[in-house]
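Remarks on the structure that follows.
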Amino acid sequence: MSERKVPGIDEYDGAAGGWGALAAVARAVKSQMAVGRETSALRRVNQPTGFDCPGCAWPDPKHTSSFEFCENGAKAVSWEATGKRATPDFFARHTLAELWEWSDHALEDEGRLTHPMAYDADTDRYVPIGWDEAFARIGAALRALPHPDMAEFYTSGRTSNEAAFLYQLMVREYGTNNFPDCSNMCHEATSVGLPGSIGVGKGTVTLDDFAHCDALFSFGHNPGTNHPRMLSTLREVSKRGVPIVAVNPLRERGLERFTSPQHPAEMLTNTATPIAQTYYQVKIGGDLALLKGMMKWLLDADADDLAAGGNGVLDHAFIAEHTEGLEALREDLARTTWEEIVRHSGLARDDIAAAAQLYARADRVILCYGMGMTQHRRGTQNVQQMANLMLLRGNIGRQGAGIAPIRGHSNVQGDRTVGITEKPTQALVDAIKRTYGFEFPLTHGHDAVEAVRAIRDGRSRALVCMGGNLAVAMPDPETTIPAMRTLDLAVHIATKLNRSHLIPAKQAFLLPCLGRTERDLQASGLQSVTVEDSMSMVHASQGGLPPASDHLLSEPAIVAGIAKATLPQTKVDWDGLVGDYDRIRDDIEAVFPMFKDFNRRVREPGGFRLYVGASERDWGPGGKARFLVAPGLDEDPGTGRRDLLTLTTIRSHDQYNTTIYGFDDRYRGISGRRDVVFMNRDDMRARGLAQGDRIDVVSYLAGDDATRTVSGFIAVEYDLPQGSAAMYYPEGNRLVPLDSHDPHSGTPAYKSIPVVVSKVRDSHVDAG
Ligand SMILES: Nc1nc2c(c(=O)[nH]1)N[C@H]1C(S)=C(S)[C@@H](COP(=O)(O)OP(=O)(O)OC[C@H]3O[C@@H](n4cnc5c(=O)[nH]c(N)nc54)[C@H](O)[C@@H]3O)O[C@H]1N2
Ligand SMILES: Nc1nc2c(c(=O)[nH]1)N[C@H]1C(S)=C(S)[C@@H](COP(=O)(O)OP(=O)(O)OC[C@H]3O[C@@H](n4cnc5c(=O)[nH]c(N)nc54)[C@H](O)[C@@H]3O)O[C@H]1N2
Ligand SMILES: [Mo]
């Protein structure tokens, strides 16, 4: 680390977790909550009778009886269960133009929304409106559109199964499949890529498998920040002496060592458990090359072993019985030279061989991965190469082994399972017809990128958002935001104020809903909802706090309100369903037979696991798993000149997606600021940059004429490979054009932006 002192930049030499995590929870609670009412919420997270933590989709250990501590879960809960309120008074004091100048942090920090509001163009303010009037106006606006395909219905992944099911039902009865979804920006490469390989777009492991694996690979995710409860699992794995291999351009503290707040001995003695045994600092976008290198090594070692009379390194019995396509993969790997593999991955051949050897020696391997793999132009192929690697040794569909996409939002997987998809199947059309007696078109609707394009081009005139912050989460705000300003109708169902809500359409509505932590009372009494975690476990979630305001409605009730106002001839008994969520679950079961016995099974402690064929070596139609070839090694082809730096965008330790809790990123040594670009020491030197120098970052994507710049950020020296750089999301989003995405999954290439970094003359941050 450089000598110059820059405010807010320091080295963090502690472990992940530890006392720092406890102190951070105390601060989060103190800034948001009145101790007593709200803090009782913290004791009910992820308990058998409590609510599902809105923080992430990592599963809960089945039989925990004590509070499973997680710093960022506590932040998520205290942020929702805050004592602060954004009331009609607040909206009366500020125009939208004024609020636009506020930071994303300041907007949400006003607290929970309390009343349904409608935009008043004359005063440029949100003013209170009654629920019925809001529904009537929304219904009228939706009915006034010339065609249902001119409306977009976005979902963010916190939405429960029950709310999501009703939402897709309403949208389909209305007549469109336009379902832009947060998963389009997230794990869509998994949902699209894995079915081709293993027949199902979901992970194949359960939490129990982690107790049986004998090697674990972690590609492109940062559990210390984004899935902190996973560290407890990794800690157990490490304690068993199982090697953990991290593949990540950045050295992430949570992948290096962890002091568990669950274990007093570690806390008191200030010791930590080492996590990753080996850390591969791959170049950004170099994973495809690393994976191919590992597979090339395996095939060569296998051939050698067979020639020497051994049984080979691959699982030949599995390959023969369960797979097809190995020959094409073999040819592709034979064509790929080590020289190219080394250049693209940034790793030495010996190191790649060591990773492959470690993989080959283990009998049961789990491979986990996150956004570092999916958010590339060839994210889908990246995912499929990971599946190839696993299939070579039969590491799918048996105990202690499998592929584990680590999902983002706590119910992003469930929303998909219950029908939020722009590509419906004939089976879904038939099931809805059978259950409700109406038909909807089989034509594909819009995903998130397509939805923004349609809005930009005037083909879509209405946008309904079930949660989220679409304008800020999407790439290219210079396109997305002006496009959204031209809409006829914008409806936001939300808990807290964010920038997307400040983009007024001709008519705009802000509809406040209950959060996970709150009691949901309907005609039949207290309700619970259900969610599905990353490992396909479905379980119930019931809030215990009194609602943040008497005027809130639940998400299912809001959907029903809009549905009744939009569909006067509806065939669905909306009131009956909302009055008793058991009835929604019965209908989910009727439409999706995999939820057989839903209401009974979800009442069992810990819930139940949905059927995942690949976990049982049932590979779906065709009957075989498939090795799939991804020609070449370039993960982000066509993105521009390779002499540029490649910039990735990442989450700080103090944010939840576009929700900015605070300005610290403890494990990376950053405090009180987010205007940083992490750079390699030699790259800084080559550009005459010192720690804290102000810089401009300009992206250069082939075929993109716009000049996209982030100005005045500061350069921070960090341990990442030469040629790679990183900054925070969403600050980096304006460097990503809307068209820079994986063509198969539509996932934006947020993790690979070619940039030029240059010094802003004579301006470094003052020494502290
Ligand atoms: N506290 C908290 N929890 C969250 C979230 C949050 O914002 N805050 N968000 C939720 C959501 S929606 C999601 S999707 C998940 C996201 O969880 P992650 O997938 O962990 O998300 P990111 O921070 O985007 O970081 C991914 C990691 O990929 C690495 N990386 C970047 N580029 C590359 C590359 O080319 N190759 C490799 N191998 N690695 C790369 C980065 O260094 C970083 O460590 O977390 C969920 N949980
Ligand atoms: N550059 C870059 N961009 C990215 C990413 C990246 O890694 N880099 N990651 C992408 C990923 S993985 C994702 S998932 C998307 C996230 O995109 P979104 O899901 O659209 O964004 P969030 O920030 O999670 O949404 C926050 C808002 O949700 C609302 N909210 C919170 N809780 C609830 C609730 O219980 N009900 C309702 N109705 N509303 C609620 C609040 O109003 C809050 O302001 O961003 C993507 N964008
Ligand atoms: Mo995500």
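The values are calculated or read from the model by the stated rules, or taken from the named source; none is laboratory data. Computed from a predicted model, the values in this text were never measured in an experiment. Here Cβ is always computed from backbone atoms with ideal geometry, including for glycine, and neighbour counts include all displayed protein chains. Areas reflect the complete protein model, heavy atoms only, side chains present, ligands, DNA and RNA absent. Shrake-Rupley method; radii C 1.70, N 1.55, O 1.52, S 1.80 Å.
Quick notes
- Which listed residue, of LEU633, LEU645, is open to solvent by less than 20 Å² (accessible area, probe 1.4 Å), within 18 Å of VAL757 (Cβ to Cβ) and more than 16 Å from ligand 3 (Cβ to nearest atom): LEU645
- Number of the condition not met by GLY468 [criteria: (1) more than 16 Å from ligand 3 (Cβ to nearest atom); (2) at positive phi; (3) of a type outside the set (A, V, I, L, M, F, W, C); (4) open to solvent by 10 Å² or more (accessible area, probe 1.4 Å)]: (1)
- Flag for GLY372 being more than 23 Å from GLU450 (Cβ to Cβ) and within 16 Å of ligand 3 (Cβ to nearest atom): yes
- Check on GLY203, within 15 Å of ligand 1 (Cβ to nearest atom) and not assigned by TED's automatic domain parsing to the domain that holds THR517: yes
- Residues considered: LEU367, LEU391. Of these, the only one that is outside any loop (DSSP other than H, G, I, E, B), within 19 Å of ILE244 (Cβ to Cβ) and modelled with pLDDT of 95 or more is LEU367.
- Any hit, segment 341-354, residues being within 16 Å of ligand 3 (Cβ to nearest atom) and outside the structural domain of GLU152 (by TED's automatic domain parsing): no
- Qualifying strands (runs of 3 or more DSSP E) (wholly inside segment 233-327; at least 2 residues being open to solvent by less than 40 Å² (accessible area, probe 1.4 Å) and of a type in the set (A, V, I, L, M, F, W, C)): 244-247
- Taking each residue of segment 669-688 that is at negative phi and looking for partners that are surrounded by fewer than 16 Cβ atoms within 10 Å (Cβ to Cβ) with beta-carbon atoms closer than 6 Å, six or more apart or interchain, yields ASN680/GLN722; ASP682/GLN722; ASP683/GLN722.
- A single entry from ILE432, ILE403, ILE420 fulfils the requirement of being within 15 Å of ligand 3 (Cβ to nearest atom) and under 27 Å from VAL538 (Cα atoms): ILE420.
- LEU268 meets the conditions (1) out of contact with any Asp or Glu (no Cβ under 7 Å at 6 or more places or on another chain); (2) within 16 Å of ligand 1 (Cβ to nearest atom) in every case but one. The failed one is (2).
- Restricting segment 708-730 to residues that are farther than 15 Å from LEU644 by Cα and among the hydroxyl-bearing types (Ser, Thr, Tyr), the residue that is farthest from ligand 3 (Cβ to nearest atom): SER711
- Here segment 547-599 is the region considered, the condition is being aliphatic (A, V, I, L, M) and farther than 28 Å from ARG137 by Cα, and the residue that is surrounded by the fewest Cβ atoms within 10 Å (Cβ to Cβ) is MET594.
- Residue list for segment 191-200, filter: surrounded by fewer than 24 Cβ atoms within 10 Å (Cβ to Cβ) and within 16 Å of ligand 2 (Cβ to nearest atom): VAL192
- Exactly one residue out of VAL538, VAL559, VAL529 is under 29 Å from the mean Cα position of the chain (by Cα), under 25 Å from PRO148 (Cα atoms), modelled with pLDDT of 95 or more and of a type in the set (A, V, I, L, M, F, W, C), and it is VAL559.
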